[in-house]
1. Inspect the stretch 224-238 for any residue being free of Cβ contacts under 8 Å to residues at least 24 places away in the same chain and either surrounded by fewer than 16 Cβ atoms within 10 Å (Cβ to Cβ) or outside the structural domain of Leu119 (by TED's automatic domain parsing) (or both) and give the result as yes or no.
2. Does the stretch 294-310 contain any residue that is without any contact (Cβ under 8 Å) to a residue 24 or more places away in the chain and assigned to a loop (DSSP other than H, G, I, E, B)?
3. Spot the failing condition for Ile348; the list is (1) away from the ligand (no atom under 16 Å from the Cβ); (2) assigned by TED's automatic domain parsing to the domain that holds Glu396; (3) not small (Gly, Ala, Ser), and only one is missed.
4. Which condition does Met376 not pass, out of (1) surrounded by fewer than 14 Cβ atoms within 10 Å (Cβ to Cβ); (2) near the ligand (Cβ under 9 Å from one of its atoms), if it passes all the others?
5. Within the stretch 188-217, take every residue that is among the hydroxyl-bearing types (Ser, Thr, Tyr) and under 23 Å from Thr259 (Cβ atoms) and give me the one that is surrounded by the most Cβ atoms within 10 Å (Cβ to Cβ).
6. Under 6 Å between Cβ atoms, which residue pairs at least 6 apart in sequence (or on different chains) link something in the stretch 363-376 that is touching a residue at least 12 places away in the same chain (Cβ under 8 Å) and closer than 11 Å to Val400 by Cα with a partner that is more than 8 Å from the ligand (Cβ to nearest atom) and not in a loop (DSSP other than H, G, I, E, B)?
7. Do the conditions hold for Lys393, that is, is it of a type in the set (D, E, K, R), more than 16 Å from the ligand (Cβ to nearest atom) and either without any contact (Cβ under 8 Å) to a residue 40 or more places away in the chain or touching a Phe, Trp or Tyr at 6+ places or on another chain (Cβ under 9 Å) (or both)?
8. Of all residues in the stretch 31-54, count the ones that are surrounded by 16 or more Cβ atoms within 10 Å (Cβ to Cβ) and free of Cβ contacts under 8 Å to residues at least 60 places away in the same chain.
Amino acid sequence: MSDLRETTVHIGFDDTDSLRGGCTTFLALRLVERISNDVEFLDYPRLIRNNPNIPWKTRGNGAIGLTLKVEEDKIESIVERAINILNEMSEENNNTNPGLVIAKGEIPQELKQFSYKALTEVISIETAKDFAEKFCFKHYTIGNGRGLIGSIAAIGNTLQPECEDFTYELLTYRLPQNIKKKREIDYESLIQADKKYSPQVFNNIDEESNNIIIAPAGPDPVLYGIRGEEPTILLEMMKKIKTKEQISAYCIFRTNQATDQHFEYASSDVVNFNVFKGEIKVTEKPKVIPGGHVISHGELLKNKSKVDIAAFEPSKGFRDIIKKLLPEDRIMAFGGVKYKKEFKGFTIQLEKCEILSIADHFKEESPFCPSCNNRMVSNGLNKGYKCRKCGYKNRESTKVRKPIDRKLSRGLYIPPAQAQRHLVKPHRRNNLPLKNSFVLIDNWWKT
Ligand SMILES: [Zn+2]
């Protein structure tokens, strides 16, 4: 007799080290397709972006969490299907260390803590293994097992409505025969759709360069992804975007992208590869180094330890703000920490920056002639100034101190959309209230 008791099952997986970032979400869609007849989905697949500063991960560092309701006697078969898909995918791309984790029932608080750590710190494979064993999570890995870390983190990061911010991303996928071809997305249709649905959708087009940023580059199964606040709007928008090639499949994900979730749990301690958020006093005028990167020096306000702050070339206009910083300015720096051997010190690689206070700086100028208003010239060291036009001389006159117009305002500065990291909250999402629920819409995926 079949056991019809239903259990909540969480499946997490992470396709680490894959250079093709779209693989993890594609794997998710394949799994959704293969289990959909036997489970009830309690959530969209969650696309969880973890610490973006981990050097052995691709820039996206994304993992997937699924939450399902399953009859007890079907769990084994669901797990088997997930393992098979993971094996198939890693045969296609042997440069991966995927992991798969299955947990049942309520998410313990400790698991949530693990997830928040994965957003901001480096977690070792051993720590993840111990964790999975302590909580009796079924787990399966290929390669060195690194995928375990993101898999556990994706299960524990539940993006709970009313408590946590989240957004959605609808990803469309290409037919296998098109994967190596150039993506052709009709610019006009995208502009129109973006206008129609903004601000419910965001980061479709880079406002500084007008570049299309919904499509990844390279041989990746993703055709394009659109980000927004509501699933129904993403579906509508997909229908308006014209492409030369056929969309083979799509899936909507619930995600921590564009939420600043990593900064919420960031520390102001400077630890290599960690996410950093803290106040810094600028101590030197910034320099532009080869490659167009802007580097400034400063010290942590809390303990005066020295750090560099860097705004890289791709952040374009954002660098102009960093370039204007001067000693004694105070900023709230948000970014990733990297130890730089060549500087024997730590650099905060800025993802965004809030200018908290702007110091007064002065320049000294020769005084003006009191009789003809011409600018005077020095009459020699400690001999005052003279006017070349009318001959006026004054041995007592000295340079005048004039405040410099800093051409800088306090406030939050964020790189343009095309240089933003997945987790960074764009301006237009600031001050949005938290969503109080999510509803699985019909047609949230299709293959
Ligand atoms: Zn004069």
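The values are calculated or read from the model by the stated rules, or taken from the named source; none is laboratory data. From a predicted model like this one, the values you see are computed outputs, not experimental measurements. Because the Cβ atoms are built from the backbone with ideal geometry, glycine has one as well, and the counts that use them run over all protein chains shown.
1. Quick first cut of the stretch 224-238, residues free of Cβ contacts under 8 Å to residues at least 24 places away in the same chain only: none.
No, every residue in the stretch 224-238 fails to be free of Cβ contacts under 8 Å to residues at least 24 places away in the same chain and either surrounded by fewer than 16 Cβ atoms within 10 Å (Cβ to Cβ) or outside the structural domain of Leu119 (by TED's automatic domain parsing) (or both).
2. Yes, because at least one residue in the stretch 294-310 is without any contact (Cβ under 8 Å) to a residue 24 or more places away in the chain and assigned to a loop (DSSP other than H, G, I, E, B).
3. Condition (2) is where Ile348 drops out.
4. For Met376, the exception is condition (1).
5. Here the answer is Tyr197.
6. Every condition considered, the pairs that remain are Lys363/Lys402; Glu364/Arg401; Glu365/Val400; Glu365/Lys402; Ser366/Arg375; Pro367/Tyr385; Pro367/Val400.
7. Considered against the rule, which asks whether it is of a type in the set (D, E, K, R), more than 16 Å from the ligand (Cβ to nearest atom) and either without any contact (Cβ under 8 Å) to a residue 40 or more places away in the chain or touching a Phe, Trp or Tyr at 6+ places or on another chain (Cβ under 9 Å) (or both), Lys393 comes out as no.
8. Qualifying residue count, the stretch 31-54: 3.
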